[in-house]
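These notes concern the structure reproduced below.
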Amino acid sequence: MPGSPRRVVIVGFPDAELLDIACPADVFDAANRHGARPPYEIRLANLDGRPIHTASGLILQPHLRLDQVPADLDTLVVAGGWGSTTAAGDERVLAQVRRLARTSRRVASVCTGAEVLAAAGLLNGRRATTHWRYAAKLAADYPSVTVDPVPLYIRHGNVYTAAGVTSGLDLTLSLVEADHGPSLAREAARSLVTYLQRPGNQAQVSLFLSGPPPEHREVRDLTAYIAEHLDEDLGTPALATRAGISTRQLTRLFDAHLGTTPGRYVRTIRTEQAARLLSGTDLPLATIARRCGFGSTETLRQAFLDHFDTPPSAYRRVHVRHTHG
């Protein structure tokens with residue numbers, strides 16, 4: 001029926017992450033306040049209709065039980081949180097998620113809500129993401145799912161998965177933009193004092209920020225050296241020579257303390273530093289490529305495609321707009 005509300009149901013459960021519920025709900029509500037037509041009708045549902053004790057200790061009252069939710073939803077969103085594993089192991093929850101997914105225009109998860117979608121079979125054969133801390137577990141538990149821990153959110157067909165917590169804002173803003181256009185999405189974002197939306201292919205975390213320096217002295221010294229000498233020879237043989245160890249031992253140390261090879265680590269650090277220069281300066285691509293140790297702009301471009309799934313020119317356009325627009 002023309003003008004009928006777009007019905008949105010968010011699925012909660014005990015120990016759900018409050019922000020995984022609040023972020024999508026508030027974005028859809030902000031869109032309504034700025035003139036979304038048709039508007040979104042937002043409802044929270046859980047298995048038994050009882051109050052949801054979230055992981056933070058706050059208590060939410062759902063509107064209805066999952067078995068009371070009618071079919072033909074516009075959007076079904078599954079929250080994440082500490083309770084997602086229990087929810088994913090409850091066939092009653094999975095049966096209702098499957099039922100609603102069959103007739104929903106689109107299905108989404110935030111954070112570890114992807115585990116519930118995977119357990120329901122909704123991610124089989126699809127590419128998906130989740131919070132980077134839990135990506136390896138999701139991939140191991142559900143080998144039929146192609147888990148990518150890098151992007152903020154991923155769309156595969158009509159199924160959307162978002163990474164940790166506030167990436168639910170980015171995903172939901174992208175849904176609002178698809179429904180109502182960029183102007184309304186921009187107004188909703190401004191009212192929430194957030195970006196229009198960070199692009200889905202933006203990395204969840206940076207190696208610069210993902211953890212404390214390695215405890216192993218040689219690895220710690222080498223990572224500091226790499227960050228300060230990106231335009232020099234940082235090949236595995238050169239790094240091994242600098243550390244006074246064999247290339248085999250260097251590779252073992254990087255695998256044990258950083259979970260990657262020296263070559264991949266160097267390429268990632270170079271790419272992330274190039275991203276910082278692209279978004280924070282107006283230096284030409286050739287200069288950035290040279291400063292970061294890439295042999296050419298084409299090598300830089302390929303590194304960006306591999307790491308961010310977007311070319312450096314497009315990355316710069318989006319991030320300069322979000323920073324200064």
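Its Cα centre serving as origin, the chain has a Cβ charge dipole (Lys and Arg +1, Asp and Glu -1) of approximately 500 debye. Measuring with a 1.4 Å probe in the full set of protein chains, what accessible area per residue, in whole Å², belongs to the chain? Ligands and nucleic acids excluded, the figure is 48 Å² per residue.
Expressed as a whole percent, the accessible area of the chain that falls on carbon and sulfur atoms is 51 (1.4 Å probe). For the range 1-101, the orientation-averaged shadow of the C-alpha convex hull comes to 6.2 nm² (one quarter of the hull surface). One decimal place: the segment D141-A95 gains 14.6 nm when fully extended, by the rule 0.36 nm per residue minus the C-alpha distance.
Largest first, the three principal axis extents of the alpha carbons in the range 132-183 are 40, 22, 12 Å in whole numbers.
Averaging sequence separations of C-alpha pairs under 8 Å and six or more residues apart, then dividing by the length of the range 226-297, give the relative contact order as a whole percent. Answer for the range 226-297 is 33 percent. Taking all protein chains as shown and a probe of 1.4 angstrom, I154 keeps an accessible surface of around 10 Å². Annotation: extensible slack from Q61 through R220 equals 52.4 nm (criterion: 0.36 nm per residue apart, minus Cα-Cα distance). Averaged over every viewing direction, what's the projected area of the C-alpha convex hull for the chain? Give it in nm², one decimal, please. Spelled out: convex hull of the Cα atoms, projected over all directions, averaged, 17.9 nm².
The values are calculated or read from the model by the stated rules, or taken from the named source; none is laboratory data. For clarity, every value in this text was computed on a predicted model and none was experimentally measured. Quick reminder, even Gly has a Cβ in these numbers, built from the backbone with ideal geometry, and neighbours come from all protein chains shown. Protein only, heavy atoms only, side chains kept; ligands, DNA and RNA dropped before computing areas. Shrake-Rupley method; radii C 1.70, N 1.55, O 1.52, S 1.80 Å.
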